[in-house]
Each structure stands twice: as C-alpha cells, then as structure tokens.
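Below: one structure, written as structure tokens.
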C-alpha cells in the first residue's frame, strides 16, 4: 500500500470514560480504511509517539510531550469541571500531610499522575515519595500512605467501604484554579493530516456521529457499563452526564494552565501550544 491510501490506525483506550466517542463509530463504513487498536492510556501514548498509532484519545500530558508532532481534533476530549469520579486519590492522611510520604501511582496514566504532582507541589507545597505499582488498591495501600487510581479501577474502588479518605483530582483542580481539567484529548499525527486529509475528515465526522448518538440516549452505554463493571443505572447516567466530551475554549484554557504549571515545575521541557485540526487548516490557540 502506498502512503497515500494506507490504513489509518485508531487507538482506543480501554476505559468507559471514552465510550461515547467509539460506541456508535460507523466502523463498517470505514473498515477498509481504518483499524482499531485497544490499549491502556500509557501504551497508547507510547504507540502514538512511535508512529504506530495515527489517531487516538491520548493522555493530555502525552500531547504536551510531543505536541510538535500532533494536532488535536476539536470538540473531542474527556474533561470535567468538578468531579470526574474516575481519577481518585485514596489516602490515610490529609493532602497537606503527605510530604515525604509514600504515594503509589498507577502505571496506566500520565495526565492524572502529573496532575497529582502539580496539586501537591504547587497548592499544598509537599513532595511525597512516589513509586509505581499495579492498580490494585489493597496491595498499593499495604506499603503506601496514598494511592492514585484512574478509570474503571478507580470507579470500582469508589463503591467499596475501605475507610480511606478519597480526593477527586478534577474537583481539587477546580477548587484551586476555577478551571476545567481535560484528562484526554484526541490527537492526530500531522504526517497523516498531510497524507490523507479527506480520510481524516471522514474519521472526524464518524467520531462526531458516535458522540452525538451516545449522548442523545445513554441507555445502551449505561446497560453495557452495568454488565461489564457493575454499579447502578443511576450511577452510570450521572457518570456519563458529568463528563464533558467537548474541547472548546473553556476546556482549552484549563488545559493550557495545566501545561503551564507542568512546564514551570519541570514535568514538561517546553511550553506547550494547543494546535487544532480544522478542515486541514492549522489554527493555533494562544493564551
């Protein structure tokens, strides 16, 4: 296959929070032109950076690390203003007392890990001792004072009576900054935009179609989430309704602040520019 008509590889995060973007994606219509690869966020981040995946909802932090290679698809993110319900820190003592404490981090996340570090260092002025661990709360807390979980792992643990304090990182971010937090953005490699602009447009419209259908009637998503993960119908209705899948000016402003803090604290090695795809025209968002 020539580079002009090669298959476009779309990455899919294996978490419920991105289901609306994929649930009604018209795969049959595009099956000769696209293929899906399902991974956890950190794997997808690495695959995008390596050019193995062409389009995908990657961690916002991963876009910041490689933004020169990417554009962002507009109106697509996983964002929250206040509670996100699936980015949770479980801890034995208040956040202000975590200096020097052991904090276990999941290997599945990039945006959330760095958001936690920003919150603790910038707002609470504490520096814990971080280490990575598999996302199993009981095991994490055997040797740590706090443990971060994301996605479906966090959701399942939030339903249990375990006695830990629980902090929702999106709620904490809003409390200190008054801003939205975008945990995932939908990135596309610039090379693919240059090579196959029409197919990129078709894929974008397919994502928009899936998002509209999903959010117009949550019934199917709610039932599948209950079957796969558990929980009540009311919980999942609220969960999908609380998350925002837009990526408009408010979400961009919040994410730009996150990038600025990450750069100032040394988590990113340069200031990040948010570059949006728009009918193959590059538009740049500046503060």
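Rule-based calculations on the coordinates, nothing more; no lab input. Nothing here was measured: the structure is a model prediction, and the numbers come from that model. Don't worry about glycine lacking a Cβ; one is built from the backbone with ideal geometry, like all the others, and counts go over all protein chains shown.
Descriptive notes on the structure:
- In units of the rule-of-thumb radius 2.2 N^0.38 Å, region 1-111 shows an alpha carbon radius of gyration of 1.30.
- Sequence ranges 215-222, 16-23, 98-105, ranked by mean other-Cβ count within 10 angstrom, highest first: 16-23, 98-105, 215-222
- Estimated translational diffusion coefficient (Stokes-Einstein, Kirkwood radius over Cα pairs, 25 °C, 0.890 mPa s) of region 138-287: 132 µm² per second.
- Cα-projected label distance for residue 215 with residue 241, points at 7 Å along beta-carbon direction, nm: 1.5 nm
- Cα-based shape type of region 87-177, given that a ≥ b ≥ c are square roots of the gyration tensor eigenvalues and the cut on a/c is 1.5: rounded
- Alpha-carbon centroids, region 193-214 and region 131-161: separation in whole Å: 36 Å
- DSSP-defined beta bridges in region 87-177 - what % are antiparallel, rounded to 5: 55 percent
- Rg over Rh, two decimals, the chain (C-alpha only, Kirkwood Rh): 0.96
- If both residues of a DSSP beta bridge must be in the chain, then about 65% of such bridges are antiparallel.
- For the pair residue 136 and residue 102, the difference between a 0.36 nm per residue extended length and the Cα-Cα distance amounts to 10.7 nm.
- Helix 197-216 and the long axis of the chain differ in direction by around 50°, with both axes built from C-alpha atoms.
- With eigenvalues of the C-alpha gyration tensor scaled by 5 and rooted, region 19-176, Å: 31, 17, 15
- The simple Förster model, with R0 at 45 Å and r as the Cβ-Cβ distance, assigns residue 175 and residue 7 a FRET efficiency of 0.50.
- Averaging the sequence gap over all C-alpha pairs within less than 8 Å and six or more residues apart, then dividing by the number of residues, gives the chain a relative contact order of 28 percent.
- Computed E for residue 123/residue 232 - FRET, C-beta separation, R0 25 angstrom, nearest 0.05: 0.15
- Between region 59-121 and region 222-276, the C-alpha centres lie 9 angstrom from each other.
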